[in-house]
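First comes the structure, then the notes that go with it.
What follows is calculated from the coordinates using simple rules that are stated; it is not laboratory data. Source: prediction; values computed, not measured. Don't worry about glycine lacking a Cβ; one is built from the backbone with ideal geometry, like all the others, and counts go over all protein chains shown.
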Amino acid sequence: MNGFKRICAVIIGMVLLVAGILKMMDPVGSGLVMDEYLKFFHLGFLKGGSRFIACALALAESLLGAALIAGVWRKVIALASGGLLALFTILTIILYLAKPNMDCGCFGEIIHLNHAQTLLKNLILDALWCLAFIPMGKLGLPQRIKYVSFSLAAVSLVLFLLFSALSIPLRDYTDYKPGVELDEQPLFFYDANYVYADSLAMEGNVLVVSAYDALEKTQADRVAEFARMAADNGYTVLLLMASTPEEISEQGMNPVLLASTYFADRKQLLTLNRSNGGVTYIADGQIIRKWAFRSLPDAEELAAIKEKAPMDVLLARQNRTRALFQGFTLYVFAVLMLL
């Protein structure tokens, strides 16, 4: 019987761990989902902290999942996971009844569930929780080594969240993921005269710098320097901002950037690149690669990329990030289950 209860607990742990990792991989996207929840529940005053709240919940979810798999602190973790599942279930019941036009965000951008599917998923997890932890007095004791394995996994999860917060997602599942053609998924950006200018990104080697928040002076200077360097290497540089031409004229835009500045919807830019000031490489209208603002490519890297076929650049990057993400996930599961 104890073996069956442990299996149920491990299944719950796997779901929570995977869901938490997928949300932590994309803090910006998770923050957007949290914005929708706060708006729906009339908690808009918390919007400024939506990304922090989303990341904190995702980390808690993944840590609870890891603890369930390792089987440590069984009574405390049982109560904590039960409370979290109860909260999720109550929320999804409300969403199921109200039917707002929003995504639950349970598994980040990878799996999209409607409200009925989300509710069914949570009810199944609730049933598994009852099988795993009722009666509470017969949970058994873990091996001491499991506290070590949980600690290793916990540190790895925290480091993964920090890495994700400072970069773009290892795996991109948005509408503008690498490989997408802009003639099928246009950017809809326009110039200072409100004339759409998507055609500028459809030919040649284009680097789109997307800034969904106002650039600070140091950021603007760095982007200006990057634009000069990229232009010297034969790239067309476009700065897309989530502002209006009138706001830019009032702010006094850097003259180097002003000539290549265009305007787009903020959510569009958030989807294009998950980093404020991030860069997206587009070759003949196809999205090839992305960089976070903190890791802009240098002249040598841009020159090397331009010499390669765009598909070679795309596949090399995708293979590397896929291997990194899969390797990290397998490492965490291996530590929790085998150690």
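Return the Rg/Rh value of the range 190-295, two decimal places, where both radii are evaluated on C-alpha atoms and Rh is the Kirkwood radius.
Numbers: Rg = 12.5 Å, Rh = 13.6 Å.
We get a ratio of 0.92 for the range 190-295.
Using only Cα atoms, find the angle between the long axis of helix 115-133 and the longest principal axis of the chain, and express it within 0 to 90 degrees, rounded to the nearest 10.
Between helix and principal axis, roughly 40 degrees.
What are the residues whose amide H is under 5 Å from the amide H of Thr261, where those residues sit 5 or more places off or on another chain and H is modelled from the backbone?
Leu239
Build a GNM of the chain with springs between Cα atoms under 10 Å: which of Gln326, Gln268, Gln286 gets the top mean-square fluctuation?
Of Gln326, Gln268, Gln286, the Gaussian network model singles out Gln326 as fluctuating most.
When Ile11, Ile305 are ordered from fewest to most other Cβ atoms inside 10 Å of their Cβ, what list results? Intermediate values should be presented prior to the final figure.
Working: Ile11 18, Ile305 22.
With the sparsest Cβ surroundings first, the list reads Ile11, Ile305.
Spelling out what I want: for every residue of the range 29-38, take phi, set θ = phi - 60°, compute 6.51 cos²θ - 1.76 cosθ + 1.60 (Karplus), and round to whole Hz; glycine and proline get x.
x, 5, x, 5, 5, 4, 3, 5, 5, 4
Computed FRET efficiency, Cβ-Cβ of Leu120 and Ala214, R0 56 Å: what is it to the nearest 0.05? Could you put the intermediate results ahead of the total?
Details: r = 43 Å, r/R0 = 0.77.
So, using R0 = 56 Å, E works out to roughly 0.85.
Taking only Cα atoms and a 10 Å spring cutoff, compute GNM fluctuations for the chain and point out the largest among Cys55, Cys104, Cys130.
Of Cys55, Cys104, Cys130, the Gaussian network model singles out Cys130 as fluctuating most.
Determine, for Phe45, Phe88, the number of other Cβ atoms within 10 Å of each Cβ, and report the residues in order from fewest to most. Please report the intermediate quantities before stating the final value.
Details: Phe45 8, Phe88 21.
By the 10 Å Cβ count, ascending, the order reads Phe45, Phe88.
Treat each spin label as a single point 7 Å out from the Cα along the C-beta direction, and report the Phe45 to Leu162 distance in nm.
For the pair Phe45/Leu162, the computed spacing is 3.4 nm.
Mind checking which of Lys177, Lys306, Lys290 has the largest fluctuation in a GNM of the chain, springs on alpha carbons under 10 Å?
Lys306
When the chain is fully extended, how far beyond the present Cα-Cα distance does Ala309 get from Ile134, taking 0.36 nm per residue of separation? Walk me through the numbers before you get to the answer.
Numbers: separation 175, 0.36 × 175 = 63.00 nm, distance 5.88 nm.
The span from Ala309 to Ile134 would gain 57.1 nm if fully extended.
Assuming 0.36 nm per residue, please report the length gained on full extension of the stretch Thr329 to Thr236 beyond their Cα-Cα distance. It would help to have the intermediate numbers written out before the result.
Numbers: separation 93, 0.36 × 93 = 33.48 nm, distance 3.75 nm.
This chain segment gains 29.7 nm when fully extended.
Treating the angle as unsigned and between 0 and 90°, give the value, to the nearest 10°, between the Cα long axis of helix 217-232 and the longest Cα principal axis of the chain.
Helix 217-232 and the main axis of the chain meet at about 60 degrees.
Between Asp175 and Met337, take the C-beta separation as r, use R0 = 35 Å, and let me know the FRET efficiency to the nearest 0.05.
Numbers: r = 35 Å, r/R0 = 1.01.
Approximately 0.50, to the nearest 0.05.
Given 0.36 nm per residue, what is the gain on full extension from Ile111 to Ala259 after removing their alpha carbon distance, in nm?
On the way: separation 148, 0.36 × 148 = 53.28 nm, distance 4.00 nm.
So the extension gain works out to 49.3 nm.
Among Leu87, Leu131, Leu272, what is the fewest-to-most ranking by other Cβ atoms within 10 Å?
Details: Leu87 12, Leu131 15, Leu272 24.
With the sparsest Cβ surroundings first, the list reads Leu87, Leu131, Leu272.
Please report the net charge: other residues with Cβ closer than 13 Å to the Cβ of Gln326, K and R +1, D and E -1. Walk me through the numbers on the way to the answer.
Working: positive: Arg171, Arg320, Arg322; negative: none.
It works out to a net charge of +3.
Taking the alpha-carbon distance from Lys47 and a cut-off under 24 Å, which lysines remain once sequence neighbours fewer than 8 residues away in the same chain are dropped?
Candidates past the 8-residue exclusion: Lys23, Lys39, Lys99, Lys267.
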